[in-house]
Amino acid sequence: MKTTIKYVRPAIMLTLLLTITTGLVYPGIVTGLAQLIFPYQANGSLHTVDGKVIGSDLIGQYWTATKYFHGRPSATLNPGGTPQPYSADNSAASNLGPTNKQLIDGNGGTYQGVKNYADQFRKENGLAPNAPLPSDIVTASGSGLDPDISVEAALLQVNRIAQARGLNAGTVKQIVENHIQGRFLWIFGEPHVNVLDLNLALDGKK
């Protein structure tokens, strides 16, 4: 009995200590610093118009109307396992590597695959069946919640949006060019545009 207590007591105490340290103290410090240094990002980067929250600058949302720019495909699922695009509380990745056949053809279920994403994008934008597309618009982002798309992906949607809104294509193209964001620290990533910013500009809200 004494031997058991000798080993069990330190184990229990260590478990309690680590639980308090890593489960309460550390998250509390990180949360406090985030609220102090990056309050906007820590609270969801919520974007408001006329006092109403309409989206987030750092988390994408599901755009389907013809008159708006569309974001990247989303791989998020609801708790039942069926697709629920841009569901922030069920963010996940497909975990399909570049040599996995399902990445191209889909898995016959929740993940559509590059071919289906490409066909859908070409069809909705009136592009030729073999028109080349940027990789970001035919692959779901790691989280399925990417708020940005490449400049090329945005420009390929210009004609559709211009027609839907009765605008000159040059006007819509200029909106894209006005919202191009460069590489982070001038070296990381690629130039891109935020889909929410583009659509707000289209609506004359920004």
I'm told Gly108 meets every condition in (1) surrounded by fewer than 19 Cβ atoms within 10 Å (Cβ to Cβ); (2) at pLDDT 90 or above except one. Can you identify the failing condition by its number?
(2)
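Right, Leu145: among the aliphatic types (A, V, I, L, M), at pLDDT below 95 and more than 25 Å from Ala75 (Cα to Cα) or not? Walk me through it before giving the result.
Numbers: among the aliphatic types (A, V, I, L, M): yes; at pLDDT below 95: yes; more than 25 Å from Ala75 (Cα to Cα): no.
In short, no.
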Residue list for segment 132-148, restricted to those being touching a helix residue (DSSP H, G or I) at 6+ places or on another chain (Cβ under 8 Å) and without any contact (Cβ under 8 Å) to a residue 24 or more places away in the chain
Leu133, Pro134
How many residues are surrounded by fewer than 18 Cβ atoms within 10 Å (Cβ to Cβ) and in contact with a Gly (Cβ under 7 Å, 6 or more places away or on another chain) if we restrict to segment 116-148?
1
Filtering segment 189-206 down to residues that are loosely packed, with under 13 Cβ neighbours inside 10 Å and under 15 Å from Ile149 (Cα atoms), which residue is modelled with the lowest pLDDT?
Gly189
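Residue by residue, here is whether (1) modelled with pLDDT under 95; (2) in contact with a Lys or Arg (Cβ under 8 Å, 6 or more places away or on another chain); (3) in a helix (DSSP H, G or I); (4) not assigned by TED's automatic domain parsing to the domain that holds Ser150 holds:
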residue: Ala11; (1), (2), (3), (4): yes, no, yes, yes
residue: Leu14; (1), (2), (3), (4): yes, no, yes, yes
residue: Tyr26; (1), (2), (3), (4): no, no, yes, yes
residue: Gly55; (1), (2), (3), (4): yes, no, no, no
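Given the criterion crowded, with 19+ Cβ neighbours inside 10 Å and either without any contact (Cβ under 8 Å) to a residue 12 or more places away in the chain or of a type outside the set (D, E, K, R) (or both), identify the matching residue among Val158, Val151. Write out each step before concluding.
On the way: Val151 fails: crowded, with 19+ Cβ neighbours inside 10 Å.
Criteria check complete, one pass: Val158.
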Could you tell me whether any residue of segment 42-50 is of a type in the set (Gly, Ala, Ser), touching a strand residue (DSSP E or B) at 6+ places or on another chain (Cβ under 6 Å), surrounded by 11 or more Cβ atoms within 10 Å (Cβ to Cβ) and under 25 Å from Asn194 (Cβ atoms)?
yes
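Among the listed residues Gly60, Gly51, identify the single one that is touching a Lys or Arg at 6+ places or on another chain (Cβ under 9 Å) and in the same structural domain as Lys115 (by TED's automatic domain parsing).
On the way: Gly51 fails: touching a Lys or Arg at 6+ places or on another chain (Cβ under 9 Å).
Just one listed residue meets the conditions, Gly60.
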Evaluate segment 104-113: report whether one residue or more is out of contact with any strand residue (DSSP E or B) (no Cβ under 6 Å at 6 or more places or on another chain), farther than 25 Å from His179 by Cα and touching a residue at least 24 places away in the same chain (Cβ under 8 Å).
yes
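Which of the helices (runs of 4 or more DSSP H) found entirely inside segment 109-206 contain at least 1 residues meeting this: of a type in the set (Phe, Trp, Tyr) and in the same structural domain as Ile54 (by TED's automatic domain parsing)?
Numbers: elements: 114-124, 151-155, 158-165, 169-178, 195-202.
In segment 109-206, the matching helices (runs of 4 or more DSSP H) lie at 114-124.
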Selection from segment 105-127 of residues that are in contact with a helix residue (DSSP H, G or I) (Cβ under 7 Å, 6 or more places away or on another chain) and farther than 23 Å from Gln84 by Cβ
Asn125, Gly126
The correct count of residues that are more than 16 Å from the chain's Cα centre (by Cα), more than 20 Å from Phe121 (Cβ to Cβ) and free of Cβ contacts under 8 Å to residues at least 24 places away in the same chain in segment 79-103 is 6
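Being modelled with pLDDT of 95 or more and either among the hydrophobic types (A, V, I, L, M, F, W, C) or under 15 Å from the mean Cα position of the chain (by Cα) (or both) is the requirement here; does Leu133 meet it? Don't jump to the end; show me each part of the working.
Working: modelled with pLDDT of 95 or more: yes; either among the hydrophobic types (A, V, I, L, M, F, W, C) or under 15 Å from the mean Cα position of the chain (by Cα) (or both): yes.
When the stated conditions are applied, Leu133 passes them.
The values are calculated or read from the model by the stated rules, or taken from the named source; none is laboratory data. Please read all numbers here as calculations on a predicted model, not as lab measurements. Ideal geometry is used to build each Cβ from the backbone, glycine not excepted, and the neighbour counts take in all protein chains shown.
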